[in-house]
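Read through the structure below, which is laid out as structure tokens, and then see the notes.
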Ligand SMILES: C[S@@+](CC[C@H](N)C(=O)[O-])C[C@H]1O[C@@H](n2cnc3c(N)ncnc32)[C@H](O)[C@@H]1O
């Protein structure tokens, strides 16, 4: 089920305790599924990594802070360029796997902490990057503390993947009945947005006093899956991961069978990757 990332923020700060607790469970679910995350999440397409590097104006000599690195989906290609990379990750298991995945890069390190409580080092960074995780950070601090971490002129770059219309014809529509059956949706007619209709993420970038020269780039890129890799990838979805065990396994089994029996074991889903960069001005 598609939900723009900012819905999560609304939930995390909701007045309703059940909504808040559920959002918190979702935030913590990535660490519980750390092995699946590492195996099935996959990295970012080259075009997206190149845009993040180019927009952030970084290279081998740069000092970069990555917030919420997961198991290193973006960190590994950044570290491979030779830059000095510090990654901060909330989850213990995720941080341990990220450390392992980055172990061949002596200039990369992983700190296990929430970004909000991590003491910033004195030496400023040339860029702060965040991939698919900005919506999990404290809404006020994520801008103010990122700005504090940066040198003047340094860049804050945020990547976000939207699920959009396209991909294997009929698959999303057919799969929807299992989202309803297992309590993940109540909308039988759900459709993701068209690529052109995907919401602008983090419009507040434009009004932040610490940042200027906001640039947004979008890339429409399909991802291809076997039944096994799709089910593995779904295990890392925080909505799926926080279902009770019986519902989760029932849902995943239904989706796996759907792909095997109706789509010859392969499907693709269409994504719109948004890369947003702003430069520190103050
Ligand atoms: C959807 S995952 C994205 C991981 C990785 N960046 C990627 O692109 O696949 C969200 C990540 O944010 C981390 N996270 C959530 N809140 C955080 C916080 N306050 N500080 C640091 N990491 C956080 C989670 O543990 C998880 O690794």
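Bear in mind these aren't lab numbers, they're just calculated from the coordinates by the rules spelled out. Owing to the predicted nature of the structure, the values given are computational and were not obtained by experimental measurement. Every residue, glycine as well, gets a Cβ built from its backbone with ideal geometry; the counts of neighbours run over all protein chains shown.
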Whole-percent pair-distance distribution, where bins are 10 Å wide, for the alpha carbons of region 79-147:
18, 53, 29, 1
Please compute the length gained on full extension between residue 148 and residue 103, using 0.36 nm multiplied by the number of residues separating them and subtracting their Cα-Cα distance.
13.4 nm
Dimensions (Å) - region 18-123, Cα atoms, principal axes, largest first
45, 33, 26
Taking only the Cα atoms of region 111-177, how large is their convex hull per residue, in Å³?
146
Could you state the principal axis extents of the C-alpha atoms in region 190-282, from the largest down, to the nearest angstrom?
55, 28, 22
Would you mind calculating the gained length between residue 28 and residue 80 on full extension (0.36 nm times residue separation, minus the Cα-Cα distance), in nm to one decimal?
15.9 nm
Per region 175-243, sqrt(5λ) over the Cα gyration tensor eigenvalues, sorted largest first, in Å, gives 31, 16, 14
Could you give the length gained by full extension between residue 247 and residue 261, i.e. 0.36 nm per residue of separation minus their alpha carbon distance, to one decimal place?
3.0 nm
Counting only Cα, what are the radius of gyration and maximum Cα-Cα distance Dmax of region 32-89, in Å?
11.7, 35
From the alpha carbon gyration tensor of the chain, can you work out the equivalent ellipsoid semi-axes (sqrt of 5 times each eigenvalue) and give them in Å, largest to smallest?
32, 20, 19
With only helices counted (DSSP H, runs n ≥ 4, each -39500 (n - 2.57)), the per-residue ellipticity at 222 nm for the chain, to the nearest 500, works out to -11000 deg cm²/dmol
Spin-label model distance (nm) - residue 226 vs residue 189, 7 Å beyond Cα toward Cβ:
3.8
Which percentage, to the nearest 5, of the DSSP beta bridges contained in the chain is antiparallel?
55
For region 124-225, just the Cα atoms, rotate onto the principal axes and tell me the three extents in Å, largest first.
50, 26, 25
